[in-house]
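Heads up, the thing below is written out as structure tokens.
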Amino acid sequence: SRRQSMGTLPDRSGEGMSSDATKRFGERLLGIYTGAVLTKLIEIGYLVGLFEGSRAGPATSAELADRLGLKERYVREWLGAMATSGIYSYDPVSGRYSLSDEHAALLTGDSAQNAAPMSRMINHFGTHLSKLTVEADGVLS
């Protein structure tokens with residue numbers, strides 16, 4: 001049944017793992033989880049000014065950290081995630097990260113075009129989801 005306790009779930013290890021449908025769903029699920037983490041990282045970048053600080057031009061993690069008065073190690077980790085996701089680009093020769101004008105248009109500024117604040121709303125909503133109780137009759141608060 002769908003509502004078995006965690007201790008009595010049937011063992012399905014290896015069941016269907018080679019199917020293309022399972023692989024496609026696994027890739028989609030990984031994308032969902034990656035997007036959730038990136039949403040949190042976008043919120044952090046927005047809150048501490050990393051996107052705005054990047055508008056001054058390409059920078060190493062140390063240069064960007066200095067611009068904003070932040071700790072280089074955390075800026076480096078954040079930039080790595082931004083570059084891996086394709087939000088920033090990275091030049092391995094210079095060691096500099098850059099936010100393209102096209103991406104900056106949607107992540108910086110005071111206009112409604114700046115989508116970065118949306119990450120705060122999504123993350124805030126997520127904190128309330130755990131307060132919901134699922135019962136046989138549906139979702140209750």
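The values are calculated or read from the model by the stated rules, or taken from the named source; none is laboratory data. Owing to the predicted nature of the structure, the values given are computational and were not obtained by experimental measurement. Ideal geometry is used to build each Cβ from the backbone, glycine not excepted, and the neighbour counts take in all protein chains shown.
Checked against (1) modelled with pLDDT under 95; (2) under 21 Å from GLY126 (Cβ atoms); (3) polar (S, T, N, Q), SER85 passes all but a single condition, namely (1).
If you go through segment 94-133 one residue at a time, how many are in a helix (DSSP H, G or I) and exposed (fewer than 12 other Cβ atoms within 10 Å of the Cβ)?
Qualifying residue count, segment 94-133: 8.
Could you tell me whether ARG76 is modelled with pLDDT of 95 or more and among the basic types (Lys, Arg)? Taking the combined requirement at face value, the residue satisfies it.
Is it true that some residue in segment 88-95 is under 24 Å from ASP110 (Cα atoms) and at pLDDT 95 or above? Yes: segment 88-95 contains one or more residues that are under 24 Å from ASP110 (Cα atoms) and at pLDDT 95 or above. Please go through segment 46-77 and pick out each residue that is touching a residue at least 40 places away in the same chain (Cβ under 8 Å), part of a helix (DSSP H, G or I) and in contact with an Asp or Glu (Cβ under 9 Å, 6 or more places away or on another chain). Of everything in segment 46-77, just one residue is touching a residue at least 40 places away in the same chain (Cβ under 8 Å), part of a helix (DSSP H, G or I) and in contact with an Asp or Glu (Cβ under 9 Å, 6 or more places away or on another chain), namely TYR46.
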